[in-house]
Amino acid sequence: MKNLRKRILSLLLAAVMTASLLPTTAWAATPPADDSEQYAYMQEILTELNGGLPENEGYTESGPFQLGGSDVYFYELFRSVQNPSGGRVTDTRYVIVPGAGVTDAAMPDFDSVTDTPWRESNPSGVYIAKGVTRIGKNSFTERTTLNTIKLQDPNSLKSIGEHAFDGCDALEGPLDLSGVTQLGTHAFNGCEQLRKVTLGEGLTEIPNNAFNNCGLTTVNIPSTVTSIGDYAFSNNSLSEIRALALPEGLTYIGASAFALQMGEGETSSGITSLTIPASVKEIGANAFYGRRNLAEVTVTDDKVDGTKLTLGDG
């Protein structure tokens, strides 16, 4: 009997010692308190939204609610007013915050947007607090009422998952993504009103369809980017860009990466000259299709005999 007790005590002691060595992120986060920075951030947004609105017609808060089993919580800001012509007009906005004491909180991935807490609502705004470092896969796919994304600290957000904002065709820019170092495929595909994004150093890949058909008039490509995927910037006028010099270190330009459909929109504006660095080894089919204003292309020479550049059709 004594031996059994000793074994149980030993196991319990081992479990406690092991648990003490685990990182703090292994423990479930707790909700932000009412005197926390997270709550203050939500209140700041609530005050801004309610400015000028009649007291009985403003937004009300609820939450915080935990997002899945993650370290991320969210507040829901809801407004419902009587429409003079009948019925009610509603609006919902979400404030995404880290749990108490968490500085690196990642939203979970979702199999589809129907798995999210806002699947039944039509949110118009999403506000991401400092300390939330990732927006999960399919988080806001095809939320066609979503027109606002605001980041409390753009440098805090590091990753955006696949299809995170795919099909959000009312989403308006400019959008500062200068802290993002990992971007999923189709992340902003079809965000027709985006107009302008700012990308930051540290991003190495602009994946397939990342900004296809986003109404972009200009874009910066960081010096750290080594790959631009298929359709990454296709169907954007890029009308404010004249000379486009792709970064040294870039190795791949995907199929239709900068293509523009003939006859759709202003196809004669934008890029007039293009510089492709010697580091590029492959350019996919139709990479610059439809760029009728492109008059000059320069491919730099690496001064190495036998270097090959593979060109796709078109």
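The values are calculated or read from the model by the stated rules, or taken from the named source; none is laboratory data. Predicted model, so just to flag it, every value in this text is computed and none were measured. No Cβ is skipped: glycine too gets one built from the backbone with ideal geometry, and neighbour counts run over all protein chains shown. We work out accessible area using only protein heavy atoms, side chains counted, and drop any ligands, DNA or RNA first. Shrake-Rupley method; radii C 1.70, N 1.55, O 1.52, S 1.80 Å.
Beta carbons closer than 6 Å, at least 6 apart along the sequence or on distinct chains, pair a first residue in the range 119-133 that is among the hydrophobic types (A, V, I, L, M, F, W, C) with a second that is open to solvent by 10 Å² or more (accessible area, probe 1.4 Å) for Val126/Ile149; Ile128/Leu151; Ala129/Gln38; Ala129/Tyr41; Ala129/Gln152. Figure legend. Inter-residue proximity from the range 210-234: first residues in a strand (DSSP E or B), second residues among the aromatic types (Phe, Trp, Tyr) and at pLDDT 95 or above, beta-carbon distance below 7 Å, spacing 6+ or different chains. Indicated pairs: Val219/Phe233; Ser227/Tyr252; Ile228/Tyr252.
Is one or more of the residues making up the range 149-159 modelled with pLDDT of 95 or more, among the acidic types (Asp, Glu) and in contact with a Ser or Thr (Cβ under 8 Å, 6 or more places away or on another chain)? No. Among the conditions (1) in contact with a Lys or Arg (Cβ under 7 Å, 6 or more places away or on another chain); (2) in a helix (DSSP H, G or I), Asn56 misses just one, which is (1).
Okay, residues lined up against (1) of a type outside the set (Val, Ile, Thr); (2) open to solvent by 50 Å² or more (accessible area, probe 1.4 Å); (3) within 12 Å of Gly125 (Cα to Cα); (4) not in a loop (DSSP other than H, G, I, E, B):
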residue: Lys150; (1), (2), (3), (4): yes, yes, yes, yes
residue: Glu162; (1), (2), (3), (4): yes, yes, no, no
residue: Cys168; (1), (2), (3), (4): yes, no, yes, no
residue: Gly173; (1), (2), (3), (4): yes, no, no, no
residue: Gly179; (1), (2), (3), (4): yes, no, no, no
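Close contacts from the range 281-300, counting a first residue that is over 19 Å from Ala245 (Cβ atoms) and without any contact (Cβ under 8 Å) to a residue 24 or more places away in the chain and a second that is of a type outside the set (Ser, Thr, Tyr) and open to solvent by 40 Å² or more (accessible area, probe 1.4 Å), with Cβ to Cβ under 7 Å and a gap of 6+ residues or different chains, come to none at all. If you take the residues in the range 181-203 that are of a type in the set (Gly, Ala, Ser) and closer than 21 Å to Gly249 by Cβ, which one is least open to solvent (accessible area, probe 1.4 Å)? Filtering the range 181-203 for residues that are of a type in the set (Gly, Ala, Ser) and closer than 21 Å to Gly249 by Cβ, the one least open to solvent (accessible area, probe 1.4 Å) comes out as Gly200.
Within the range 86-100, the set of residues being part of a loop (DSSP other than H, G, I, E, B), open to solvent by 30 Å² or more (accessible area, probe 1.4 Å) and touching a Ser or Thr at 6+ places or on another chain (Cβ under 8 Å) comprises just one member, Ala100. Identify all residues within the range 126-149 that are touching a helix residue (DSSP H, G or I) at 6+ places or on another chain (Cβ under 8 Å) and either among the aliphatic types (A, V, I, L, M) or closer than 12 Å to Tyr94 by Cβ (or both); write none if there are none. Correct list: Tyr127, Ala129, Ser139, Phe140, Arg143.
Screening Ser223 on (1) closer than 21 Å to Ile271 by Cβ; (2) crowded, with 20+ Cβ neighbours inside 10 Å shows it passes everything except condition (2). If you go through the range 134-147 one residue at a time, how many are surrounded by fewer than 22 Cβ atoms within 10 Å (Cβ to Cβ), of a type in the set (Val, Ile, Thr) and over 15 Å from Glu76 (Cβ atoms)? Number satisfying all stated conditions: 2. Restricted to the range 41-72, and to residues there that are of a type in the set (D, E, K, R), free of Cβ contacts under 8 Å to residues at least 24 places away in the same chain and more than 15 Å from Ser124 (Cβ to Cβ), the residue that is most open to solvent (accessible area, probe 1.4 Å) is Glu55. The condition of being assigned to a helix (DSSP H, G or I) and within 20 Å of the chain's Cα centre (by Cα) does not hold for Thr103. The set of residues from the range 269-314 being in a loop (DSSP other than H, G, I, E, B), touching a Lys or Arg at 6+ places or on another chain (Cβ under 8 Å) and open to solvent by 60 Å² or more (accessible area, probe 1.4 Å) comprises Lys281, Lys308, Leu309. Among the residues in the range 73-85, are any touching a residue at least 60 places away in the same chain (Cβ under 8 Å), assigned to a strand (DSSP E or B) and farther than 17 Å from Tyr59 by Cβ? Scanning the range 73-85, I find no residue that is touching a residue at least 60 places away in the same chain (Cβ under 8 Å), assigned to a strand (DSSP E or B) and farther than 17 Å from Tyr59 by Cβ, so the answer is no.
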